[in-house]
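All remarks here apply to the structure that follows.
The values are calculated or read from the model by the stated rules, or taken from the named source; none is laboratory data. Being a predicted model, the structure only gives us computed values, none of them experimental. Backbone-built Cβ (ideal geometry, glycine too); neighbour counts: all protein chains shown. Accessible surface areas use protein heavy atoms only, side chains included; no ligands, DNA or RNA. Shrake-Rupley method; radii C 1.70, N 1.55, O 1.52, S 1.80 Å.
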Amino acid sequence: MNTRDPFNLRPGSTAFNLLQHSAARAATYTRQAGQQALEAGKQALEDTGIADGMSFAVPRNVPTFNDPNGVRRLEDSVWGSSGQSRFGGNVGEAISGVFGEKGLPMYKDKPYNYGTSMRKPKWFRRKRAPGTVFFLIIAYFYWFGWPWSGGDANKKGNGGGRSWGFFSAVEEKVDWDERQESVKDAFKLSWKAYEDHGWGYDEYHPSSKSGRHMATGGLGWIIVDALDTMMLMNLTRELGHARQWISTSLTYDKDQDVNTFETTIRMLGGLLSAHYLQGILPGMKPAEDSTDEDLYLEKASDLADRLLSAYESNSGVPFASVNLKTMKGIPSHADGGASSTAEATSLQLEMKYLAYLTGEATYWEKAEKVMKVVDDNGARDGLLPIFIYADQGTFRSNEIRLGSRGDSYYEYLIKQYYQTAKQEPIYLEMWEEALAGVRKHLITYSQPSNFTILAERPSGLSGHISPKMDHLVCFMPGTIALGATGGLTVEEAKKLPSWGTKQEEEMELATELMKTCWGMYKVTATGLAPEIAHFNIYDPPQMMRHGILKGPETLDPADDADWKQDYILKPADTHNLQRPETVESLFYMWRITGDEKYRNWGWEMFQSFVKHTLLEDGAGFSSIGDVTQIPPPSRDNMESFWLAETLKYFYLLFGPNDVLPLTEVVLNTEAHPLPVFQPDKKRFKTGWTRIPRDPNGNLHPPEKTAEEPKKEVTKTVRVESAVASESAI
Ligand code: DMJ
């Protein structure tokens, strides 16, 4: 290490160049800086000689995702039908200056200014009729789009959405490829900092340039979580380093308690998606002659076998933690021993894909049984309390929310339906029931500006409404849109016979909630969202079922703008943990609607992250303590989901739409893409049915017949009642 320049920040050194490169490229987008800044930026790059060295054009290397069988062929040949059981200050400023906070890009959704003169020129008066016709033609295309410019969000590189066509000669086109490259640079900087100062550690603390293990020798918490982002970004050097560490240093045979959910979504999900992507992205596999091709899958199945012990509770609901070596499930040390509902019910995508890959039914059965036990509680309107006892399979307390401890239960309902190619309609039914419950009980409006709030019910559905949204809830706009169109664009989905008022309303709800989440960023001094926002609401609350309200079309940035009164930020909630949920939803909304405003919001958000969370010495990006303060205090932690999720969603948002098509992959709750597969090809199918509900939503089990064999009765009891199942198992 160069002790005179330990962080490589001097001109000519890697980190410095990286920042310069990002900065110079970003200048492209600063309209006020104009062409001059662009040229200066390019010159700076040429001067440093890094322009080529630092950039990889990912689209060149991303293969078509249109052959869903590509990966399956590989998987089939690997695991085939063996049928065998496997069980046993200044950098920030330098960047922000050119990232354009002095002059944000002119958005394409802002109408072009035609000027205001009322005096018509002579030629206009003389040739009024043809002039009027010409104007009407222009106006028509202005509002309804230009036939030759499409508006097809799926066309690569067209900017998507409505293009102003005729006027684009006047208004400069945004170069999304360049913006995407800036995200890649942010990833590279983050990764380099981690490599330099925290390599192999599970936590990275960028301010103190230190790391910490969660278990002796490490669990690969950061490395495994980041694998697929590196693959998508075509970062082959970085990927090689990560792979080598996994191959030589990573073992899960450790006497260590780990959180069942976090380990599943981050480690198991990360390994499985790396296995999937290396099969379809060129150059991501080890050398041809390597015997190590199944590294990720082997690690994944070893880890999953250890995690299975968490499901050995009386009910089948997993314990909150598990010891990886002793393979014993461990109830939560808090919350009366109950597991989080979201944690217990967000393991299915990973386990089911592993079952599909290996042909091993146990993974499938253990994961889906949880859904049965949870559903057998008959929660009203599909809204679940946020804690569940693993041993009893029954809920603890009445508290309902779609933020922490509740969130990904709902996400995994609709995603399970899509993951298995719509062969399991039971999960669609549950999703639809839950979404109807959300609309009935949880959607309310803020005042004075009528933002749509997805609120909480801390004392159950008959209790009061709490107008609070965790940032975590912001996965919902995107997930609702995904549920409405099945991952198609709205334009495509509208052509299907299944499209109707319900889907229209869902898209409206997604649009309004997206705006509320965006407001959480726009309302703060840093342009970054707090962990939690509270809202001023009507008294009595104006619920969605009383009538739908719409929030403001635009959010005026002025300090005294009326809409800002709707948001209440409490000092204890003003930290920002680099969370992905809002950019995650922006990604879905962009893909599904093709409305470029979502990309523009994402770009603004990305700039805020660069400006306020990049450490001055380039040692990484950190979560921050207060989004209302400039400069914000650092929390000295770079979350693994910064690499796994937040930067990945930015990258996908700014990239071409044919990468990871939403009809061919599902992203798990840690943003790890897994393929849609046909479960019947491996003879998997849903192994449970729902207990029927009466018209009021109360469980209505079918009468048992007298001639039912005894063995069958035991089985029926076990699947029909979570409480009864305790004694039956
Ligand atoms: C991630 O681990 C996952 O997105 C999870 O679903 C929620 N918490 C973090 C990100 O906020």
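Values as computed for the structure displayed
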| quantity | calculated |
| --- | --- |
| Solvent-accessible area per residue for segment 176-675 (1.4 angstrom probe, square angstrom) | 29 |
| With DNA, RNA and ligands ignored, accessible area of residue 459 (1.4 Å probe; Å², nearest 10) | 60 |
| Computed over segment 340-454: relative contact order in percent, which uses C-alpha pairs under 8 Å that are six or more apart | 25 |
| Length released on extending from residue 262 to residue 312, taking residue separation times 0.36 nm less the Cα-Cα span | 16.2 nm |
| Most to least accessible of 599, 396 (protein chains only, probe 1.4 Å) | 396, 599 |
| Extension gain from residue 237 to residue 423, taking 0.36 nm per residue of separation minus the Cα-Cα distance | 63.0 nm |
| For residue 421, residues with placed amide H under 5 Å, excluding near neighbours | 677 |
| Virtual spin-label span in nm between residue 681 and residue 696, 7 Å along Cα→Cβ | 4.7 |
| Efficiency of FRET between residue 545 and residue 361 - r from beta-carbon atoms, R0 35 angstrom, step 0.05 | 0.25 |
| Cα shape, segment 334-440, gyration tensor, a/c 1.5 rule | oblate |
| Highest-first arrangement of 615-627, 559-571, where packing means the average Cβ count within 10 Å | 615-627, 559-571 |
| Approximate spin-label separation residue 689-residue 459, in nm, with each point projected 7 Å along Cα-to-Cβ | 4.0 |
| Distant-in-sequence amide H partners of residue 693 (H built 1.01 Å from N, under 5 Å) | 700 |
| Unsatisfied cross-links (Cα-Cα over 24 Å) in the set 494/682; 209/254; 369/682; 184/285; 415/682 | 494/682; 209/254 |
| Under Karplus coefficients 6.51, -1.76 and 1.60, residue-wise ³J(HN,Hα) of segment 191-203 in Hz, glycine/proline x | 5, 4, 4, 5, 4, 6, 10, x, 3, x, 7, 7, 10 |
| Separation of the residue 554 and residue 326 label points, Cα + 7 Å toward Cβ, nm | 6.3 |
| Cβ-defined net charge surrounding residue 448, 14 Å radius [Lys, Arg +1; Asp, Glu -1] | -3 |
| Protein-only accessible surface order, largest first, of 302, 407 at 1.4 Å | 302, 407 |
| Accessible area of segment 590-715 belonging to carbon and sulfur atoms, whole % at 1.4 Å probe | 49 |
| Probe 1.4 Å, all protein chains present, accessible-area order of 556, 294, largest first | 556, 294 |
| Integer Hz, Karplus 6.51/-1.76/1.60 couplings in order for segment 208-214, x for Gly and Pro | 8, 6, 9, x, 8, 8, 8 |
| Area accessible to solvent at residue 280, 1.4 Å probe radius, in Å² | 30 |
